[in-house]
1. Kindly indicate the residue of the range 71-84 that is over 20 Å from GLY12 (Cα atoms), aliphatic (A, V, I, L, M) and touching a residue at least 24 places away in the same chain (Cβ under 8 Å) and also surrounded by the fewest Cβ atoms within 10 Å (Cβ to Cβ) among those meeting that condition.
2. Inside the range 50-70, can you point out the residues that are touching a Phe, Trp or Tyr at 6+ places or on another chain (Cβ under 9 Å) and either of a type in the set (Gly, Ala, Ser) or loosely packed, with under 12 Cβ neighbours inside 10 Å (or both)?
3. Identify all residues within the range 3-53 that are under 14 Å from HIS79 (Cβ atoms) and among the small types (Gly, Ala, Ser); write none if there are none.
4. Across the range 33-49, which residue is modelled with the lowest pLDDT among those that are within 16 Å of PRO22 (Cβ to Cβ) and open to solvent by 30 Å² or more (accessible area, probe 1.4 Å)?
5. Go through the range 21-32 and give me each residue that's of a type outside the set (Lys, Arg) and open to solvent by 50 Å² or more (accessible area, probe 1.4 Å).
Amino acid sequence: MSSSAIEFGADGIMKWEEISPPLWWPAARCHIVADRHLPDGTRQHMVEGRTSPGFLIGNAQVIGRQDSNGAEFASRPSHLSAPADQELGIS
């Protein structure tokens, strides 16, 4: 599998892709730690802590990490992750 291939869980849904470092989301006033897209095109963002069921911001469902027991994570990072050279402060 190439590093750019999308990984799917046993349920056929895209696995969560972790964001490193976590990305500050002003509208949610918290950090996004992972993201994915559902087969119907719905965007989902995982944030630290808990959220209310059905919580939406814009056109994205917001899921709390603590509410996501059993979440499957991909081996590749999210496209929202900083490249390794930026993460280390290398210009």
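1. Once the filter is applied, the top-ranked residue is ALA82.
2. Listed by number, the residues that qualify are GLY64, SER68.
3. SER3, SER4, ALA5, SER20, ALA34
4. GLU48
5. Across the range 21-32, the qualifying residues are PRO21, PRO22, LEU23, TRP24, PRO26, ALA27, HIS31.
The values are calculated or read from the model by the stated rules, or taken from the named source; none is laboratory data. Worth saying up front: this structure is predicted, and the values here are computed from it rather than measured. Please note: Cβ atoms are built from the backbone with ideal geometry, for glycine as well, and neighbour counts cover all protein chains shown. Only protein heavy atoms, including side chains, enter the accessible area calculation; ligands, DNA and RNA are left aside. Shrake-Rupley method; radii C 1.70, N 1.55, O 1.52, S 1.80 Å.
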